[in-house]
Amino acid sequence: MLTASNVDLLQRTIVALQREFAMKDLGPLHHFLGITAERRPQGLFLHQRQYAIDILERAGMSDCKPCSTLINTQAKLSEDDGPMVADATSYRSLTGTLQYLTFSRPDIAYAVQKVCLHMHTPQEPHLTALKRILRYLWGSLDYGLLLRPSSTSELVVYTDADWAGCPDTRRSTSGYVVFLCANLVSWATKRQPVDSRSSAEAEYRAVANGVAEASWMRHLLHEHYSPLQRATLVYCDNVSSVYLSTNPEQHQC
(Lines give C-alpha, C1' and ligand atoms only; values in the text may rest on other atoms or scores of the structure.)
Protein backbone atom coordinates (compact mmCIF):
# COMPACT_ATOMS: atom_id res chain seq x y z
CA MET A 1 0.00 0.00 0.00
CA LEU A 2 1.42 3.33 -1.08
CA THR A 3 1.49 6.04 1.52
CA ALA A 4 2.34 9.72 1.17
CA SER A 5 5.85 9.11 2.45
CA ASN A 6 6.43 6.22 0.02
CA VAL A 7 5.22 8.29 -2.92
CA ASP A 8 7.50 11.14 -1.90
CA LEU A 9 10.47 8.72 -1.61
CA LEU A 10 9.69 7.25 -5.03
CA GLN A 11 9.54 10.69 -6.63
CA ARG A 12 12.88 11.70 -5.09
CA THR A 13 14.42 8.45 -6.35
CA ILE A 14 13.15 9.06 -9.89
CA VAL A 15 14.48 12.63 -9.88
CA ALA A 16 17.89 11.41 -8.64
CA LEU A 17 18.03 8.77 -11.39
CA GLN A 18 17.11 11.34 -14.01
CA ARG A 19 19.91 13.61 -12.84
CA GLU A 20 22.38 10.71 -12.79
CA PHE A 21 21.64 9.42 -16.28
CA ALA A 22 20.53 12.61 -18.01
CA MET A 23 22.39 13.44 -21.23
CA LYS A 24 24.02 16.82 -21.24
CA ASP A 25 24.59 19.03 -24.24
CA LEU A 26 28.32 19.75 -24.20
CA GLY A 27 28.15 22.03 -27.22
CA PRO A 28 30.07 21.65 -30.49
CA LEU A 29 32.54 18.80 -30.75
CA HIS A 30 36.16 19.77 -30.04
CA HIS A 31 37.96 16.65 -28.82
CA PHE A 32 37.08 12.98 -28.86
CA LEU A 33 39.42 10.19 -27.71
CA GLY A 34 42.52 12.23 -28.46
CA ILE A 35 41.27 13.43 -31.86
CA THR A 36 40.76 17.17 -32.33
CA ALA A 37 37.80 18.35 -34.41
CA GLU A 38 38.06 21.81 -35.94
CA ARG A 39 35.21 23.41 -37.86
CA ARG A 40 36.47 25.14 -40.99
CA PRO A 41 34.72 26.77 -43.95
CA GLN A 42 35.50 23.71 -46.07
CA GLY A 43 34.14 21.22 -43.50
CA LEU A 44 35.16 19.36 -40.34
CA PHE A 45 38.91 18.84 -39.97
CA LEU A 46 40.07 15.93 -37.77
CA HIS A 47 43.69 15.75 -36.62
CA GLN A 48 45.92 14.43 -33.82
CA ARG A 49 48.58 17.12 -33.81
CA GLN A 50 49.06 17.23 -30.05
CA TYR A 51 49.16 13.44 -29.87
CA ALA A 52 51.91 13.38 -32.51
CA ILE A 53 53.88 16.00 -30.58
CA ASP A 54 53.58 13.88 -27.43
CA ILE A 55 54.95 10.86 -29.33
CA LEU A 56 57.94 12.85 -30.57
CA GLU A 57 58.69 14.18 -27.07
CA ARG A 58 58.39 10.67 -25.69
CA ALA A 59 60.91 9.42 -28.25
CA GLY A 60 63.24 12.37 -27.64
CA MET A 61 62.87 13.55 -31.24
CA SER A 62 60.98 16.80 -30.79
CA ASP A 63 63.82 18.72 -32.46
CA CYS A 64 64.79 16.15 -35.10
CA LYS A 65 65.39 16.91 -38.78
CA PRO A 66 62.12 16.43 -40.71
CA CYS A 67 61.90 13.90 -43.53
CA SER A 68 59.73 14.30 -46.62
CA THR A 69 59.22 10.56 -47.22
CA LEU A 70 58.01 7.77 -44.95
CA ILE A 71 59.88 4.69 -46.04
CA ASN A 72 62.70 3.53 -48.28
CA THR A 73 60.95 1.79 -51.16
CA GLN A 74 64.18 0.23 -52.43
CA ALA A 75 65.05 -1.68 -49.24
CA LYS A 76 62.85 -4.37 -47.68
CA LEU A 77 62.72 -4.94 -43.92
CA SER A 78 63.65 -8.49 -43.02
CA GLU A 79 63.37 -10.51 -39.81
CA ASP A 80 67.15 -11.11 -39.74
CA ASP A 81 68.58 -7.79 -40.84
CA GLY A 82 71.02 -6.70 -38.14
CA PRO A 83 71.75 -6.55 -34.40
CA MET A 84 68.95 -6.43 -31.86
CA VAL A 85 67.91 -3.04 -30.49
CA ALA A 86 69.08 -2.12 -27.02
CA ASP A 87 65.57 -1.33 -25.72
CA ALA A 88 62.94 -3.55 -27.32
CA THR A 89 60.25 -2.33 -24.90
CA SER A 90 60.63 1.26 -26.08
CA TYR A 91 60.38 0.11 -29.70
CA ARG A 92 57.14 -1.77 -29.03
CA SER A 93 55.70 1.15 -27.07
CA LEU A 94 56.41 3.71 -29.81
CA THR A 95 55.06 1.37 -32.49
CA GLY A 96 51.86 0.89 -30.52
CA THR A 97 51.34 4.65 -30.16
CA LEU A 98 51.79 5.08 -33.92
CA GLN A 99 49.00 2.56 -34.53
CA TYR A 100 46.53 4.87 -32.78
CA LEU A 101 47.83 7.82 -34.80
CA THR A 102 46.72 6.10 -38.02
CA PHE A 103 43.10 6.87 -37.05
CA SER A 104 43.52 10.32 -38.60
CA ARG A 105 46.71 9.75 -40.61
CA PRO A 106 46.09 7.16 -43.34
CA ASP A 107 49.28 8.30 -45.07
CA ILE A 108 51.42 6.51 -42.46
CA ALA A 109 49.36 3.29 -42.33
CA TYR A 110 51.60 1.29 -44.69
CA ALA A 111 54.85 2.33 -43.01
CA VAL A 112 53.47 1.66 -39.53
CA GLN A 113 52.30 -1.77 -40.66
CA LYS A 114 55.84 -2.58 -41.78
CA VAL A 115 57.45 -1.73 -38.44
CA CYS A 116 54.66 -3.52 -36.55
CA LEU A 117 55.59 -6.80 -38.25
CA HIS A 118 58.87 -6.85 -36.31
CA MET A 119 57.66 -5.98 -32.81
CA HIS A 120 58.58 -9.43 -31.46
CA THR A 121 62.29 -9.19 -32.44
CA PRO A 122 63.09 -5.56 -33.28
CA GLN A 123 66.50 -4.94 -34.83
CA GLU A 124 68.49 -1.84 -35.67
CA PRO A 125 67.18 -1.45 -39.27
CA HIS A 126 63.64 -1.67 -37.91
CA LEU A 127 64.42 1.07 -35.38
CA THR A 128 65.87 3.19 -38.19
CA ALA A 129 62.61 2.78 -40.14
CA LEU A 130 60.64 3.73 -37.04
CA LYS A 131 62.70 6.89 -36.53
CA ARG A 132 62.14 7.80 -40.16
CA ILE A 133 58.39 7.72 -39.56
CA LEU A 134 58.86 10.01 -36.55
CA ARG A 135 60.95 12.41 -38.63
CA TYR A 136 58.17 12.44 -41.24
CA LEU A 137 55.63 13.24 -38.52
CA TRP A 138 57.71 16.19 -37.36
CA GLY A 139 57.44 17.69 -40.84
CA SER A 140 53.72 16.96 -41.24
CA LEU A 141 52.14 17.77 -37.89
CA ASP A 142 49.28 19.68 -39.51
CA TYR A 143 48.07 16.76 -41.62
CA GLY A 144 44.65 15.24 -40.95
CA LEU A 145 41.29 14.34 -42.43
CA LEU A 146 38.85 16.86 -43.91
CA LEU A 147 35.20 15.79 -43.96
CA ARG A 148 33.24 17.89 -46.44
CA PRO A 149 29.52 18.03 -47.16
CA SER A 150 28.40 16.56 -50.46
CA SER A 151 25.19 16.52 -52.45
CA THR A 152 25.80 12.99 -53.78
CA SER A 153 25.94 9.74 -51.83
CA GLU A 154 28.15 7.09 -53.36
CA LEU A 155 30.74 4.62 -52.14
CA VAL A 156 34.05 4.28 -54.01
CA VAL A 157 36.84 1.81 -53.17
CA TYR A 158 40.46 1.82 -54.36
CA THR A 159 42.58 -1.30 -53.87
CA ASP A 160 46.18 -2.27 -54.46
CA ALA A 161 48.65 -5.00 -53.52
CA ASP A 162 52.41 -5.39 -53.23
CA TRP A 163 53.04 -8.81 -54.73
CA ALA A 164 55.52 -10.94 -52.73
CA GLY A 165 56.82 -7.85 -50.99
CA CYS A 166 57.89 -9.62 -47.79
CA PRO A 167 61.47 -10.92 -48.20
CA ASP A 168 61.00 -13.56 -45.48
CA THR A 169 57.61 -15.13 -46.28
CA ARG A 170 57.19 -13.91 -49.90
CA ARG A 171 53.67 -12.88 -49.01
CA SER A 172 51.90 -9.88 -50.47
CA THR A 173 50.56 -6.80 -48.74
CA SER A 174 46.99 -5.70 -49.44
CA GLY A 175 45.64 -2.21 -49.09
CA TYR A 176 42.36 -0.40 -49.71
CA VAL A 177 40.75 2.98 -49.10
CA VAL A 178 37.01 3.67 -49.05
CA PHE A 179 35.50 7.03 -49.91
CA LEU A 180 31.96 8.01 -48.98
CA CYS A 181 30.77 11.15 -50.77
CA ALA A 182 34.40 12.11 -51.56
CA ASN A 183 35.34 11.70 -47.88
CA LEU A 184 37.87 9.11 -46.78
CA VAL A 185 36.09 6.99 -44.15
CA SER A 186 37.92 3.65 -44.07
CA TRP A 187 41.38 2.34 -44.95
CA ALA A 188 43.60 -0.61 -44.14
CA THR A 189 46.90 -2.22 -45.08
CA LYS A 190 47.73 -5.78 -44.05
CA ARG A 191 49.96 -8.64 -45.07
CA GLN A 192 48.00 -11.40 -46.78
CA PRO A 193 47.68 -14.65 -44.75
CA VAL A 194 48.61 -16.93 -47.69
CA ASP A 195 51.08 -16.89 -50.57
CA SER A 196 49.93 -15.55 -53.95
CA ARG A 197 51.42 -17.25 -56.99
CA SER A 198 50.88 -14.28 -59.28
CA SER A 199 50.31 -10.55 -59.13
CA ALA A 200 46.76 -11.09 -60.39
CA GLU A 201 46.00 -13.36 -57.44
CA ALA A 202 47.46 -10.84 -54.99
CA GLU A 203 45.44 -8.02 -56.53
CA TYR A 204 42.30 -10.17 -56.52
CA ARG A 205 42.67 -10.76 -52.77
CA ALA A 206 43.05 -7.02 -52.25
CA VAL A 207 39.86 -6.42 -54.26
CA ALA A 208 38.04 -9.04 -52.18
CA ASN A 209 39.07 -7.28 -48.96
CA GLY A 210 37.91 -3.92 -50.31
CA VAL A 211 34.57 -5.35 -51.46
CA ALA A 212 34.01 -6.95 -48.05
CA GLU A 213 34.60 -3.61 -46.34
CA ALA A 214 32.29 -1.81 -48.77
CA SER A 215 29.57 -4.42 -48.25
CA TRP A 216 29.78 -3.97 -44.49
CA MET A 217 29.55 -0.19 -44.83
CA ARG A 218 26.50 -0.44 -47.09
CA HIS A 219 24.74 -2.60 -44.50
CA LEU A 220 25.75 -0.16 -41.75
CA LEU A 221 24.33 2.81 -43.65
CA HIS A 222 21.13 0.87 -44.31
CA GLU A 223 20.73 0.17 -40.58
CA HIS A 224 21.12 3.92 -39.95
CA TYR A 225 18.32 4.66 -42.44
CA SER A 226 20.71 6.11 -45.03
CA PRO A 227 20.78 3.49 -47.79
CA LEU A 228 22.90 4.13 -50.84
CA GLN A 229 21.05 4.40 -54.14
CA ARG A 230 24.06 3.77 -56.40
CA ALA A 231 26.23 0.72 -56.81
CA THR A 232 29.67 0.74 -55.23
CA LEU A 233 32.60 1.30 -57.59
CA VAL A 234 35.78 -0.69 -56.91
CA TYR A 235 38.96 0.31 -58.72
CA CYS A 236 41.96 -1.94 -59.29
CA ASP A 237 45.08 -1.41 -61.42
CA ASN A 238 45.40 -5.05 -62.49
CA VAL A 239 43.46 -6.03 -65.62
CA SER A 240 43.71 -9.78 -64.93
CA SER A 241 42.14 -9.48 -61.49
CA VAL A 242 39.32 -7.35 -62.95
CA TYR A 243 38.57 -10.01 -65.56
CA LEU A 244 38.73 -12.66 -62.84
CA SER A 245 36.20 -10.85 -60.65
CA THR A 246 33.77 -10.24 -63.53
CA ASN A 247 33.82 -13.84 -64.80
CA PRO A 248 31.04 -15.86 -63.06
CA GLU A 249 32.82 -19.12 -63.80
CA GLN A 250 35.78 -18.03 -61.67
CA HIS A 251 33.80 -17.06 -58.56
CA GLN A 252 34.68 -20.39 -56.95
CA CYS A 253 38.27 -19.10 -56.68
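Report the FRET efficiency, 1/(1 + (r/R0)^6), for residue 39 and residue 103, where r is their Cβ-Cβ distance and R0 is 25 Å, rounded to 0.05. Each step should come with its number before you reach the end.
On the way: r = 19 Å, r/R0 = 0.76.
It comes out at approximately 0.85.
Suppose every K and R has +1 on its Cβ and every D and E has -1 on its Cβ; what is the size of the dipole of the chain about the Cα centre, in Debye to the nearest 20?
Details: 24 positive and 25 negative charges, 88 e Å.
My answer is approximately 420 debye.
Leaving out ligands, DNA and RNA, what percent of the accessible area of the chain is carbon and sulfur, probe 1.4 Å?
Working: 9020 of 16020 Å².
C and S fraction of accessible area: 56 percent.
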- Message: Give me the base-10 log of I(q)/I(0) for the chain at each q in 0.13, 0.14 Å⁻¹, Debye formula, one uniform scatterer per Cα, rounded to two decimals.
- Response: -0.97, -1.08
- Relative contact order, percent, the chain [alpha-carbon distance under 8 Å, six or more residues apart]: 17 percent
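Let's test the formula: R0 of 45 Å, r as the Cβ-Cβ distance of residue 190 and residue 12. What FRET efficiency results, to the nearest 0.05? Working shown, then result.
Values: r = 55 Å, r/R0 = 1.22.
The computed FRET efficiency comes out at 0.25.
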- Note on the structure: Comparing 133, 53, 14 in a Gaussian network model of the chain (Cα, 10 Å), the one with the largest mean-square fluctuation is 14
- Note on the structure: Here, residue 221 and residue 87, labelled 7 Å along Cα→Cβ, have an inter-label distance in nm of 4.6 nm
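With every protein chain present, what is the per residue accessible area of the chain (1.4 Å probe, Å²)?
On the way: 16020 Å² over 253 residues.
Using a 1.4 Å probe on heavy atoms only, each residue of the chain averages 63 Å².
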- Roughly how many whole Å is it from the C-alpha centroid of the stretch 88-143 to that of the stretch 35-77? 10 Å
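Using helices alone, I'd like the mean residue ellipticity at 222 nm for the chain: each DSSP H run of four-plus residues gives -39500 (n - 2.57), total over residue count, nearest 500.
Working: 7 runs with 99 residues, N = 253.
Result for the chain, helices only: -12500 deg cm²/dmol.
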- Computed FRET efficiency, Cβ-Cβ of residue 30 and residue 198, R0 51 Å: what is it to the nearest 0.05? 0.55
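The values are calculated or read from the model by the stated rules, or taken from the named source; none is laboratory data. Nothing here was measured: the structure is a model prediction, and the numbers come from that model. As a convention, Cβ positions derive from the backbone with ideal geometry for all residues, glycine included, and neighbour counts pool all protein chains shown. Note: areas computed on protein heavy atoms with side chains; ligands, DNA, RNA excluded. Shrake-Rupley method; radii C 1.70, N 1.55, O 1.52, S 1.80 Å.
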